[in-house]
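The values are calculated or read from the model by the stated rules, or taken from the named source; none is laboratory data. The structure presented is a predicted model; accordingly, all values stated were derived computationally and were not measured. Neighbour counts are summed over all protein chains in view; Cβ atoms, including those assigned to glycine, are modelled from backbone coordinates with ideal geometry. Note: accessible area is taken over every heavy atom of the protein model, side chains too, but ligands, DNA and RNA are not part of it. Shrake-Rupley method; radii C 1.70, N 1.55, O 1.52, S 1.80 Å.
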Amino acid sequence: MKDYTSVIKTEQYVEVCFYIEHEAVMKLGETMNGLREEAYMNGYNWEAVLTYYLGKTAPDLLEGMNTDPEAGMYMAYYPLTPENEAKAARFAGIIHDLVEHGETLCRLIQEEGDDIPWD
């Protein structure tokens, strides 16, 4: 994975960390904000976009997931189980793909931005 995502195991959880102050992520966020004023991409709006996207494309990843968005980071976490470790790895891969292929999120914001619960 790129250095803007990591999967971390603790005693109780498996965490997906998305470092939104990374240069590539900030650049994508600026592009998204240029398309829609509400899309200032802090941790809370990344939570809104990612939850919306997963609901459409991978709703199983939302099962058992908790989140902790911050100004400079978004974190999702699951109780530590082998199944949830696989979910976390999949979610980190999805984030990576979305950042590397930013046109997917830009199109989503243009076409479905009214349906995203912005911060």
Exercise. Only one of Ala24, Ala76, Ala92, Ala39 is among the small types (Gly, Ala, Ser) and assigned to a loop (DSSP other than H, G, I, E, B); which?
Worked result: Ala39
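Scan segment 49-104 for residues that are small (Gly, Ala, Ser), surrounded by fewer than 16 Cβ atoms within 10 Å (Cβ to Cβ) and in contact with a strand residue (DSSP E or B) (Cβ under 7 Å, 6 or more places away or on another chain) and jot them down. Walk me through how you get there before you give the answer.
As a first pass, look at segment 49-104 and keep what is small (Gly, Ala, Ser): 55, 58, 64, 71-72, 76, 86, 88-89, 92-93, 102.
Still in the running and surrounded by fewer than 16 Cβ atoms within 10 Å (Cβ to Cβ): 55, 58, 64, 71-72, 86, 89, 93.
Of everything in segment 49-104, those that are small (Gly, Ala, Ser), surrounded by fewer than 16 Cβ atoms within 10 Å (Cβ to Cβ) and in contact with a strand residue (DSSP E or B) (Cβ under 7 Å, 6 or more places away or on another chain) turn out to be Gly64, Ala89.
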Exercise. Within segment 64-72, is even one residue touching a Gly at 6+ places or on another chain (Cβ under 8 Å) and in contact (Cβ under 8 Å) with a residue 40 or more places away in the chain?
Worked result: yes
Seminar exercise, completed: Taking segment 6-27 and keeping only residues that are within 22 Å of Thr104 (Cβ to Cβ) and surrounded by fewer than 20 Cβ atoms within 10 Å (Cβ to Cβ), one is left with Ser6, Val7, Cys17, Tyr19, Glu21, His22, Glu23, Ala24, Met26, Lys27
Seminar exercise, completed: When every residue in segment 52-63 that is in contact (Cβ under 8 Å) with a residue 40 or more places away in the chain and not hydrophobic (A, V, I, L, M, F, W, C) is compared, the one nearest to Asp115 (Cα to Cα) is Tyr52
Exercise. Across segment 107-119, what is the total count of residues that are of a type outside the set (Gly, Ala, Ser) and open to solvent by less than 20 Å² (accessible area, probe 1.4 Å)?
Worked result: 3
Exercise. Quick one: is Glu15 assigned to a strand (DSSP E or B), of a type in the set (D, E, K, R), modelled with pLDDT of 95 or more and over 10 Å from the mean Cα position of the chain (by Cα)?
Worked result: yes
For this session: Go through (1) within 21 Å of Asp115 (Cα to Cα); (2) open to solvent by 20 Å² or more (accessible area, probe 1.4 Å); (3) not hydroxyl-bearing (Ser, Thr, Tyr); (4) not in a helix (DSSP H, G or I) one by one and return the number of the condition Asn33 breaks.
Result: (4)
